[in-house]
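What follows is one structure encoded as structure tokens, with my remarks underneath.
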2 protein chains.
Amino acid sequence: MAKDKADLLQGTLDMLILKALSLGELHGYGMIQRIRQLSDEMLNVEQGSLYPALYRIEQKGWVSARWDVHETGREAKFYKLTRTGRKQLETEEASWDRLVLAIAKVRQAT
Amino acid sequence: MAKDKADLLQGTLDMLILKALSLGELHGYGMIQRIRQLSDEMLNVEQGSLYPALYRIEQKGWVSARWDVHETGREAKFYKLTRTGRKQLETEEASWDRLVLAIAKVRQAT
DNA sequence: GTATGATGCCTACCTTTTCTAGGTATCGCG
DNA sequence: CGCGATACCTAGAAAAGGTAGGCATCATAC
């Protein structure tokens, strides 16, 4: 019943992924943790959402991937923002701001 | 090419409709105009989105509808918020605020 | 007078995105 | 040895919006 972790709205996941990667190279599993932690546990990205999204995003050229071994000795697929991806992040942040503003305006109405 | 009206994010339409109706009884076509106007032309709800949404929302009991003639002499289907609908609006506004906050937190990160 | 655009309603179908619910494998710890 | 965390993936369902049509009425312009 009590659900303290809201589902994402469609369209926000890409932005979150790109933002997480803008803080540095990261693998998929780590993105989920980083997003959850940065949002104070409010945003919980499901694996079944993330991996398909990463695939889409990679196809679009916004991130590049490579397999590597990290300090713990485990293999993981590391993603990095491309230049295009960084631009896309800016675009999506601007759209987000626009939308938040627009909705705020509607909500101000009396 | 230049697209100055962004698509809505999924999940925001119900809130916008409920909000528009919280300002007073209204028919479908009028909601589109009211939302567009209140948002300074930023939010454009398509008819193909609105009418199915109204149907869903009515099924959930958040609005009630009746046919009537308005001052211009034309017939239209007027929708009104129910008590449940008003509660739902509060809930959705709270979720929205939560989401905006959570995303803001992620974006603050350095 | 008739064409056109705005008002007003509706539907069928498509697309996109996310979630659910599985599957696989490795690693560390009790 | 089992179990939870780490790490990847996929298939299928569900939900929401958009596109693109259709219909009818009304006012205005030509």
Practice task
Name the single residue, out of those in the range A:49-77 being hydrophobic (A, V, I, L, M, F, W, C) and out of contact with any helix residue (DSSP H, G or I) (no Cβ under 9 Å at 6 or more places or on another chain), that is farthest from A:K19 (Cα to Cα).
Solution key: A:V69
Completion exercise
Scanning the range A:1-37 for residues that are under 18 Å from B:E92 (Cβ atoms) and in contact with a helix residue (DSSP H, G or I) (Cβ under 8 Å, 6 or more places away or on another chain), the one modelled with the lowest pLDDT turns out to be A:A6
Problem - A:R98 more than 11 Å from DNA strand C (Cβ to nearest atom), in contact (Cβ under 8 Å) with a residue 12 or more places away in the chain and not hydrophobic (A, V, I, L, M, F, W, C) - result: no
Problem - Any hit, the range A:25-44, residues being in contact with a strand residue (DSSP E or B) (Cβ under 6 Å, 6 or more places away or on another chain), more than 10 Å from chain B (Cβ to nearest Cβ) and within 12 Å of DNA strand C (Cβ to nearest atom) - result: no
Problem - Members of the range B:69-92 found to be at pLDDT below 95 and not hydrophobic (A, V, I, L, M, F, W, C), listed by number - result: B:H70, B:E71, B:T72, B:G73, B:R74, B:E75
Exercise for the section: Tell me, please, whether a residue that is more than 14 Å from DNA strand C (Cβ to nearest atom), surrounded by fewer than 17 Cβ atoms within 10 Å (Cβ to Cβ) and at pLDDT 95 or above can be found in the range A:45-56. Expected result: no
Completion exercise
Filtering the range A:4-41 down to residues that are under 22 Å from B:G11 (Cβ atoms) and in a loop (DSSP other than H, G, I, E, B) yields A:D4, A:K5, A:D7, A:L8, A:L9, A:Q10, A:G11, A:T12, A:S39, A:D40, A:E41
Exercise for the section: Could you grab the pairs with beta carbons closer than 7 Å, sequence gap of 6+ or different chains, first residue in the range A:66-89 and within 14 Å of DNA strand C (Cβ to nearest atom), second one assigned to a loop (DSSP other than H, G, I, E, B)? Expected result: A:A76/A:H70; A:Q88/A:W62
Practice task
Answer with yes or no whether B:V106 is buried (at least 20 other Cβ atoms within 10 Å of the Cβ), part of a loop (DSSP other than H, G, I, E, B) and either more than 9 Å from DNA strand C (Cβ to nearest atom) or modelled with pLDDT of 95 or more (or both).
Solution key: no
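Where residues in the range B:70-96 are polar (S, T, N, Q) and within 22 Å of the chain's Cα centre (by Cα), which of them is nearest to the other protein chains (Cβ to nearest Cβ)?
Initially, the range B:70-96 is screened for residues polar (S, T, N, Q), giving B:72, B:82, B:84, B:88, B:91, B:95.
Restricting the remaining residues to those that are within 22 Å of the chain's Cα centre (by Cα) gives B:82, B:84, B:88, B:91, B:95.
Numbers: B:T82: 20, B:T84: 18, B:Q88: 15, B:T91: 11, B:S95: 6 Å.
Looking at the filtered set, the residue picked out is B:S95.
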Problem - Matching entry among A:L54, A:L99, A:L9, A:L21 (being in contact with a strand residue (DSSP E or B) (Cβ under 7 Å, 6 or more places away or on another chain), within 13 Å of DNA strand D (Cβ to nearest atom) and within 11 Å of chain B (Cβ to nearest Cβ)) - result: A:L99
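Being small (G, A, S), in contact (Cβ under 8 Å) with a residue 40 or more places away in the chain and more than 30 Å from B:G24 (Cβ to Cβ) narrows it down to one residue among A:S39, A:S49; which is it?
On the way: A:S39 fails: in contact (Cβ under 8 Å) with a residue 40 or more places away in the chain.
Answer to the check: A:S49.
The values are calculated or read from the model by the stated rules, or taken from the named source; none is laboratory data. This one's a predicted model, so the numbers in the text were calculated from it and none came from an experiment. Methodologically, a virtual Cβ is constructed for each residue, glycine included, from the backbone with ideal geometry; neighbour enumeration extends over all protein chains shown.
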